[in-house]
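The values are calculated or read from the model by the stated rules, or taken from the named source; none is laboratory data. Keep in mind that this is a model prediction, so the values were computed, not measured. Cβ atoms come from the backbone with ideal geometry, glycine included; neighbour counts cover every protein chain shown.
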Amino acid sequence: MFPTQLGTPTDPRNALRALVKIAERTELAETTLHTLRHSAGSALVARGVHMKIVQEVLRHSSYTITADIYAHVRPRLKRNAIEAMNRALHDDEDDSEPDTGSEDDETPTATP
């Protein structure tokens, strides 16, 4: 995932050494590569990336493993979806006229 300057795979020990140096400088001494990986997975799920894609990116052996690990993120997404549906339904109640398309589309209609 982190290529060297030559484009070859980074030795995991080198990645860990680099992370330790950064963590010490940024008050994140308890941060591990696994923590960063989990944070990346949570961020992807929170932004609506399909769980199958998250599984492939993180290279989990099955969809179920990914779904189980990141289940804690889904309630927030579910709440967001419910709120969006409520807004969509309640916005229609506020309109006195039905939505017929773009507000800029003010073409006159002929009356018989």
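A few remarks follow.
- If only residues of the stretch 49-71 that are outside any helix (DSSP H, G or I) and in contact with a helix residue (DSSP H, G or I) (Cβ under 7 Å, 6 or more places away or on another chain) are counted, the one that is farthest from residue 16 (Cα to Cα) is 70.
- When the stretch 26-81 is filtered for residues that are charged (D, E, K, R) and at pLDDT below 85, the ones remaining, listed by number, are 27, 30, 74, 76, 78, 79.
- Residues in the stretch 21-35 that are part of a helix (DSSP H, G or I), exposed (fewer than 13 other Cβ atoms within 10 Å of the Cβ) and not basic (Lys, Arg): 22, 24, 34.
- Yes/no for residue 59 being basic (Lys, Arg) and more than 16 Å from the chain's Cα centre (by Cα): yes
- Checking every residue in the stretch 82-103 against the condition of being outside any loop (DSSP other than H, G, I, E, B), of a type in the set (S, T, N, Q), surrounded by 11 or more Cβ atoms within 10 Å (Cβ to Cβ) and at pLDDT 85 or above gives zero matches.
- Cβ-Cβ under 6 Å pairs, at least 6 apart or on other chains, the stretch 24-53 side polar (S, T, N, Q), far side modelled with pLDDT under 90: 31/23; 42/73
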